[in-house]
Amino acid sequence: GYEDVSLDLIAESAEITKASIYYYFPTKADVFVAAVENLLKIIHRESKTILNGPGSFCERLLTLTEIRLNLADTRFDFDRVIGEAEPHLTPDHVLRVRKAMQNLSELLADAVRDAAQSGEIKPCDPLFVAHAYLAVLNAAYARSATGERLFSDARATAQAIVGLMMSGLTAAPAR
């Protein structure tokens, strides 16, 4: 967490001096924000590659979901970490982090919008669908009382999430 990580620890881990950190970053909060922004840029870039890649929207979303779930053990809980850090951040820091997080939602919303415009999915509110997807994805990280993942099969869980997103909970019409 934010509180437990000191600039000394960061310098030691990066094998640089603390003075080197201060040369580029005036405060620990600046280091934190730069690190979060960089991580979110990497996630955005990789997600964009998948979402703009070949295959149907459903196939691309399934690929993205499975990759995210396979990284569950290294999952960075943005809401928790940012919530813990927020009292130490300036309003500008908070805005920068939230904007970087928003960029991910907008990327997914763009993919949803494109799929709706091409007729792959029915018309919808793309930003709502993006946030709904992220909420369902977050639920897939749930753990039991003993700490074990409730949904440990990434492929099956990804298929369940994308299936839910693509068809909802409506029963198929009788034929």
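The values are calculated or read from the model by the stated rules, or taken from the named source; none is laboratory data. No experiment lies behind these values; they were computed from the predicted model shown. Note that each Cβ is placed from the backbone with ideal geometry, even for glycine, and that neighbours are counted across all protein chains shown. For accessibility, only protein heavy atoms count, side chains too; no ligands or nucleic acids. Shrake-Rupley method; radii C 1.70, N 1.55, O 1.52, S 1.80 Å.
A quick yes/no check of all residues on (1) in contact (Cβ under 8 Å) with a residue 40 or more places away in the chain; (2) within 30 Å of Ile121 (Cα to Cα):
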residue	(1), (2)
Thr49	no, yes
Gly55	no, yes
Cys58	yes, yes
Leu71	no, yes
Ala85	yes, no
Leu95	no, no
Lys99	no, yes
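When the criteria are applied in full, Leu64 meets the requirement of being open to solvent by less than 40 Å² (accessible area, probe 1.4 Å), at pLDDT 95 or above and within 16 Å of the chain's Cα centre (by Cα). Whenever a residue of region 125-147 is farther than 11 Å from Arg68 by Cβ, its partners that are in a helix (DSSP H, G or I) and polar (S, T, N, Q), lying with C-beta atoms within less than 7 angstrom and at least six residues away or across chains, give the pairs Leu127/Ser105; Ala130/Ser105; His131/Ser105. Against the numbered list (1) touching a residue at least 60 places away in the same chain (Cβ under 8 Å); (2) open to solvent by less than 80 Å² (accessible area, probe 1.4 Å), Ala11 comes up short only at (1). Only a single item in (1) open to solvent by 50 Å² or more (accessible area, probe 1.4 Å); (2) modelled with pLDDT under 90 is not met by Arg96, and it is number (2).
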